[in-house]
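Below you'll find the structure, written out as structure tokens, and then a few comments.
Bear in mind these aren't lab numbers, they're just calculated from the coordinates by the rules spelled out. In this text, all values refer to a predicted model and were calculated from it rather than measured experimentally. Cβ atoms come from the backbone with ideal geometry, glycine included; neighbour counts cover every protein chain shown.
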Amino acid sequence: MADAPSLDSMAEAAQDTQFAQLEARLVDDYGQNRRAAVHSLVDQERHRFSDARVHTFVPILVERSVRARLSTN
């Protein structure tokens, strides 16, 4: 019998989905030609918060930071 997924793994999977949706929104807003830049920036910003004690607002913080960085370029 397979082990049931842990709450941590379920939360991580949910956050992966949120980041995939975030990247799709950013690509829609900034264009397909910026897909690689969007992916790179999201990864960089997401990594900044990897040690955060609370991850609930990480996608929002990442989105704000990436949008600010894309708007200045």
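Structure data summary
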quantity	calculated
Lone qualifier among Arg35, Arg64, Arg53, Arg46 - being among the charged types (D, E, K, R) and touching a residue at least 24 places away in the same chain (Cβ under 8 Å)	Arg46
Among the residues listed as Arg25, Arg67, Arg46, the single one being assigned to a helix (DSSP H, G or I), basic (Lys, Arg) and under 9 Å from the mean Cα position of the chain (by Cα)	Arg46
Pick from the range 14-27, criterion aliphatic (A, V, I, L, M) and over 13 Å from Val58 (Cβ atoms), ranking: surrounded by the most Cβ atoms within 10 Å (Cβ to Cβ)	Leu26
Selection from the range 28-42 of residues that are surrounded by 13 or more Cβ atoms within 10 Å (Cβ to Cβ) and under 14 Å from the mean Cα position of the chain (by Cα)	Arg35, Ala37, Val38, His39, Leu41, Val42
Tally of residues being touching a Pro at 6+ places or on another chain (Cβ under 9 Å) and polar (S, T, N, Q) across the range 17-73	2
Scope the range 49-64; condition surrounded by 13 or more Cβ atoms within 10 Å (Cβ to Cβ) and either outside any helix (DSSP H, G or I) or basic (Lys, Arg) (or both); matching residues	Phe49, His55
